[in-house]
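K.L.:
First the structure, then my questions, so here it is.
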Amino acid sequence: MFKKILGTAVVFGLASSAAFAGECDISVEATASMAYSTKEININKTCKEVNLTLKNAGNMPKAAMGHNLVISKKADMQAVLTDGNAAGLSKNFVKENDARVIAYTNVLGGGESATIKFKTDKLNNKDAFAFFCSFPGHSAVMNGVVKFN
Ligand code: ZN
C-alpha cells in the first residue's frame with residue numbers, strides 16, 4: 001500500500017513539467033454514419049510527439065466508404081483536399097510530400113484501425129488547425145479543429 005502511494009506521488013511530481021504518459025495518445029473513430037467521434041482534437045503543448053489512432057467503425061470497403069484523418073492549417077485545408085482528390089485512393093487522397101500536411105493516416109476500410117506518430121513542431125496556439133477526411137466528398141461533415149495548448 002505504501003509503495004503504491006509513493007508511486008502515485010512520483011507520477012504527480014513529474015506531471016508539472018511533462019505530460020502524463022498516455023496524454024499524447026489520441027484516439028478518434030470514424031463512425032458508420034460518416035462522422036468523426038469528436039469535433040475537437042486537443043493536444044497538450046507538452047507533447048513533442050503524438051500517437052494518433054484512427055479507427056473506422058463502419059463496415060464498408062475503403063473504396064466505397066474509406067476514411068482517413070489529415071491535419072493541416074485550416075487555411076490550407078481546401079488546397080490539400082483538391083490536391084488529395086487528384087492524387088487518388090492509391091495515395092490515400094493526400095498529395096505526395098505535401099508540405100501543408102502536418103500528419104495523415106492512410107485511408108481505412110470498415111473495421112480497420114491505424115496508429116501514426118507525428119511531431120508537433122508545426123503546431124502552435126496561434127494559427128487555426130483542422131483535421132478532416134480527404135476521401136472525396138467527406139470533409140464537409142468529417143472535419144474538426146485541432147487545438148495545441
Ligand atoms: Zn471519410
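K.L.:
Across the chain, what fraction of all alpha-carbon pairs, as a whole percent, falls in each successive 5 Å bin from zero upward?
P.N.:
Percent of pairs per bin, in order: 2, 10, 18, 21, 18, 12, 7, 5, 4, 3, 1, 0, 0.
K.L.:
While we're on this one: Taking the Cα atoms only, what angle lies between the long axis of helix 77-87 and the longest principal axis of the chain, rounded to 10 degrees?
P.N.:
60
K.L.:
No partner Cβ under 4.7 angstrom, meaning no disulfide-compatible partner by this rule: which Cys of the chain qualify?
P.N.:
CYS133
K.L.:
Enumerate the lysines that LYS48 could reach by cross-link, defined here as Cα to Cα under 16 Å, with residues fewer than 8 away along the same chain left out.
P.N.:
Those lysines meeting the cut-off are LYS117, LYS119, LYS122, LYS147.
K.L.:
Relative contact order, percent, of segment 25-148 when contacts are C-alpha pairs under 8 Å separated by at least 6 residues?
P.N.:
Once divided by the residue count of segment 25-148, the mean separation gives 34 percent.
K.L.:
Full extension from ALA57 to ALA32: what is 0.36 nm times the residue separation minus their Cα-Cα distance, to one decimal in nm?
P.N.:
In short, 8.4 nm is gained.
K.L.:
Follow-up. What full-extension length gain, to one decimal in nm, is calculated for SER90 and GLU40 as 0.36 nm per residue of separation minus the Cα-Cα distance?
P.N.:
15.2 nm
K.L.:
Nearest 5 percent is fine: what portion of the DSSP beta bridges confined to the chain is antiparallel?
P.N.:
Taking every DSSP beta bridge with both residues in the chain, the antiparallel ones total about 65 percent.
K.L.:
Tell me, how many Å apart are the Cα centres for segment 94-149 and for segment 61-82?
P.N.:
Cα centroid of segment 94-149 versus Cα centroid of segment 61-82: 7 Å apart.
Just so you know, all these numbers are worked out from the coordinates, no wet-lab data involved. A quick note: this is a predicted structure, and the numbers were derived from the prediction, not measured. FYI the Cβ positions are ideal-geometry reconstructions off the backbone, even for glycines, and counts take in every protein chain you see.
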